[in-house]
Amino acid sequence: MNIVVLVKMVPDTESRLEIVDGKVNESGFKYMVNPYDEFAVEQAVQFKEASGGKVTLVSLFSNDTSIDTDLRKMMAIGADEAIVLRQDGYRGDRPSANAKTISDAISEMNADLVIGGVQGIDYYQGATGPMIAHMLGIPHVSGVTNLEMNGEKFTAKRQIEGGLQVIECSGPVLITCQKDMTKVRFPALKDIMMSKRKPFENREVSLNEGNDVNTDECSLPPARGGGVIIDGESAEEKVDKLIEKLKTEAKVL
């Protein structure tokens, strides 16, 4: 089985967020593998261990090589190779353009399964995966919480309002994973050392046109004002004063 895993690099949750002239200043960001994509890597490796085949990581990013270490960690889990699409001016908030670039790269890979996270934790758009499936002309199932493989057929389970939806399909198919689909393993030291010998390709790609919505301006939420302490001899008196303030000052009653 030939499995392609979509891996997005997102700002580390400890990175400091700064807005300069209405734009996000990304110069000080550190990047990590999108947590939802880690579940996809683990699931792909489990399928490979059960049925054989190959797992290829595909990631679109800039020419910043600081991400290589984290991608190697995913290879230590059990992925066989990585292809990093290096793009000048890359941004993570262009799902349409990015989907076109990624789909062009994996269209020639004859994947039986394309799998990735349901969304990135940077922009939470959840659109790139379904767009890639559309461009490849294959079916997709989004937000899967459990995925099983039986021969060439897949059984996907996803939470819907009021119940659980079970979908059966044949490959090739694109699956996006919800959190806790599976437990991501900690690689052994031997696997970490072996990952340094696995193929790691950097491939220059150009920027594709898309119909993405542009962000005109960014801003931080306004600072919260101070609270008000209500004095009173008893709880009843404090409640009466609070109700009066809600009526006359806040005007919510």
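If you bin all the Cα-Cα distances of the range 202-253 at 5 Å, starting from zero, the percentages per bin are 4, 12, 11, 12, 9, 7, 7, 6, 6, 6, 5, 6, 6, 4, 1. Restricting the calculation to Cα atoms, the chain shows an Rg/Rh of 1.13 when the hydrodynamic-style radius is the Kirkwood one. Using only side-chain charges placed at the Cβ, +1 for Lys and Arg and -1 for Asp and Glu, the dipole size of the range 81-194 relative to its Cα centre rounds to 260 debye. All other residues with a Cβ under 14 Å from the Cβ of ARG158 taken together, and with Lys, Arg as +1 and Asp, Glu as -1, what is their net charge? Around ARG158, the surrounding residues sum to -2. Across the range 188-193, computed HN-Hα scalar couplings (Karplus, 6.51 cos²θ - 1.76 cosθ + 1.60, θ = phi - 60°) run 6, 4, 4, 5, 5, 5 Hz from first to last residue, x flagging Gly and Pro. VAL173 sits among other residues whose Cβ lies under 12 Å from its own Cβ, and their net charge, with Lys and Arg +1 and Asp and Glu -1, is -2.
If the chain linking PHE200 and GLU237 were pulled fully straight, counting 0.36 nm for each residue of separation and taking away their Cα-Cα distance, it would gain 6.3 nm.
A Förster radius of 25 Å combined with the Cβ-Cβ distance from ASP180 to LYS30 puts the calculated FRET efficiency at roughly 0.50. For the range 2-204, the dipole from Cβ point charges (+1 on Lys and Arg, -1 on Asp and Glu) about the Cα centre works out to 320 debye, to the nearest 20. If R0 equals 22 Å, the separation of the Cβ atoms of ILE19 and THR65 corresponds to a calculated FRET efficiency of about 0.25. Excluding ASP216 itself, calculate the net charge of residues whose Cβ lies under 14 Å from the Cβ of ASP216, where each Lys or Arg counts +1 and each Asp or Glu counts -1. Overall, the nearby charge balance is -3. Farthest towards the positive end of the charge dipole of the chain, among the residues GLN87, VAL184, THR101, is the Cα of VAL184, using unit charges on the Cβ of Lys, Arg, Asp and Glu. Sorted largest first, the principal axis extents computed over the alpha-carbon atoms of the range 72-126 equal 29, 25, 23 Å. Scanning the chain for long hydrophobic helices, with DSSP H runs required to stretch 15 angstrom or more by C-alpha along their axis and to average at least -1.0 on the Kyte-Doolittle scale, returns 35-51, 95-106, 235-248. At most 10 other Cβ atoms within 10 Å and a DSSP loop assignment: could you name the trypsin sites (Lys or Arg not before Pro) in the range 127-194 that fit? In loop regions of the range 127-194 (DSSP not H, G, I, E or B), the sparsely surrounded trypsin sites (Lys or Arg not before Pro) are LYS183.
P(r) for the range 132-194, from all Cα pairs and a bin width of 10 Å, is 19, 40, 26, 14, 1 %, short bins first. As a length-normalised measure over Cα pairs under 8 Å and 6 or more apart, the relative contact order of the chain settles at 24 percent.
Were the residues from LEU207 through SER107 laid out at 0.36 nm apart, the gain over their Cα-Cα distance would be 34.3 nm.
Any read-out appearing in this document is the output of simple, stated calculations on the displayed coordinates, not a laboratory observation. Predicted model, so just to flag it, every value in this text is computed and none were measured. A quick note on method: Cβ atoms are made from the backbone with ideal geometry, for glycine too, and the neighbour counts reach across all protein chains shown.
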